[in-house]
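The values are calculated or read from the model by the stated rules, or taken from the named source; none is laboratory data. The shown structure was predicted, so the numbers you read here are calculated from the model rather than taken from an experiment. With ideal geometry, Cβ positions are generated from the backbone for all residues, glycine too; neighbour counts draw on all protein chains shown.
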């Protein structure tokens, strides 16, 4: 309690909290896009519960990882070396997550652009997705994003209460944004392709990070924001055109 009171009276602690919350929310965008894409493949009556379970698991994982900070810090130490480059457990987790995202995004793009989707290398049975399979994939990526999120938090502050508050606030914000984002993506087919492109890019960034090539997140999110702005203009243009057609037909 004394530690919490001391932090509450420290302006630097408040500044660190606000900065970390903003960082956690931004980092959570990747997680949120993946959950939105995945849950939209489920029957409509099961989408909301899948999003809530997925984000609840993301919160639980982050809080559990915060309870093992000493272990998390060790994840950044090299385990083995290949061609002079040391690979840590974090690197291997990021590489695995990146490969999964690239595979998943490529698979989804394939099924959306193929006019006659047939069994293929990615899925020899069906393009549909079961509830358990969706949750399994969400848990896998939650783990990757959670580890990256907590390592970032540890690098920004050493105060565990600040990290806990920031993580909880960020995940609550994601919960509020999940349904509107999913509905918007589902209602705009071109936005689905844009979101899949984001997942592909995020997967490549995770791979690059895993192999030691640091990619500044600002560049990634700036590119995503620019793409969203362009697509927003396209949506407005399409709606204006549809409105003109409707008025012409009515006249």
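Condition check ((1) more than 24 Å from residue 43 (Cβ to Cβ); (2) modelled with pLDDT of 80 or more; (3) in contact with a strand residue (DSSP E or B) (Cβ under 7 Å, 6 or more places away or on another chain); (4) surrounded by fewer than 13 Cβ atoms within 10 Å (Cβ to Cβ)) across all residues:
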residue: 99; (1), (2), (3), (4): yes, yes, no, no
residue: 119; (1), (2), (3), (4): no, no, no, yes
residue: 125; (1), (2), (3), (4): no, no, no, yes
residue: 149; (1), (2), (3), (4): yes, no, no, no
For this session: Looking only at the range 173-188, count how many residues are in a helix (DSSP H, G or I) and in contact (Cβ under 8 Å) with a residue 24 or more places away in the chain.
Result: 10
Exercise. Pairs, please: C-beta under 9 Å, at least 6 apart or cross-chain, first residue without any contact (Cβ under 8 Å) to a residue 60 or more places away in the chain and in the range 221-244, second surrounded by fewer than 14 Cβ atoms within 10 Å (Cβ to Cβ)?
Worked result: 231/190; 234/190; 235/190; 238/190
For this session: Give just the number: which of (1) touching a helix residue (DSSP H, G or I) at 6+ places or on another chain (Cβ under 6 Å); (2) without any contact (Cβ under 8 Å) to a residue 60 or more places away in the chain does residue 195 not satisfy?
Result: (2)
Seminar exercise, completed: Scanning the range 52-64 residue by residue, those surrounded by 15 or more Cβ atoms within 10 Å (Cβ to Cβ) and either at pLDDT below 80 or under 14 Å from residue 170 (Cβ atoms) (or both) turn out to be 55, 58, 59, 61, 62, 63
For this session: Answer yes or no as to whether residue 161 is in contact (Cβ under 8 Å) with a residue 40 or more places away in the chain and either assigned to a helix (DSSP H, G or I) or touching a strand residue (DSSP E or B) at 6+ places or on another chain (Cβ under 8 Å) (or both).
Result: yes
Problem set entry | Within the range 56-99, tally of residues that are within 19 Å of residue 20 (Cβ to Cβ), in contact with a helix residue (DSSP H, G or I) (Cβ under 7 Å, 6 or more places away or on another chain) and not in a helix (DSSP H, G or I) | 1
For this session: Go through the range 20-51 and give me each residue that's surrounded by fewer than 17 Cβ atoms within 10 Å (Cβ to Cβ), closer than 27 Å to residue 228 by Cα and touching a helix residue (DSSP H, G or I) at 6+ places or on another chain (Cβ under 7 Å).
Result: 26, 48
For this session: Scan the range 201-227 for residues that are surrounded by fewer than 14 Cβ atoms within 10 Å (Cβ to Cβ) and more than 17 Å from residue 95 (Cβ to Cβ) and jot them down.
Result: 216, 218, 219, 222, 223, 225, 226
Problem set entry | Set 216, 161, 189: member being more than 17 Å from the chain's Cα centre (by Cα) and closer than 23 Å to residue 18 by Cβ | 161
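Here is a yes/no grid of residues against (1) modelled with pLDDT of 85 or more; (2) surrounded by fewer than 16 Cβ atoms within 10 Å (Cβ to Cβ); (3) farther than 23 Å from residue 59 by Cα:
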{"residue": "168", "(1), (2), (3)": "yes, yes, no"}
{"residue": "172", "(1), (2), (3)": "yes, yes, no"}
{"residue": "177", "(1), (2), (3)": "yes, no, no"}
{"residue": "183", "(1), (2), (3)": "no, yes, no"}
{"residue": "194", "(1), (2), (3)": "no, no, yes"}
{"residue": "199", "(1), (2), (3)": "no, no, no"}
Problem set entry | Conditions (1) assigned to a helix (DSSP H, G or I); (2) touching a strand residue (DSSP E or B) at 6+ places or on another chain (Cβ under 8 Å); number of the one not met by residue 212 | (1)
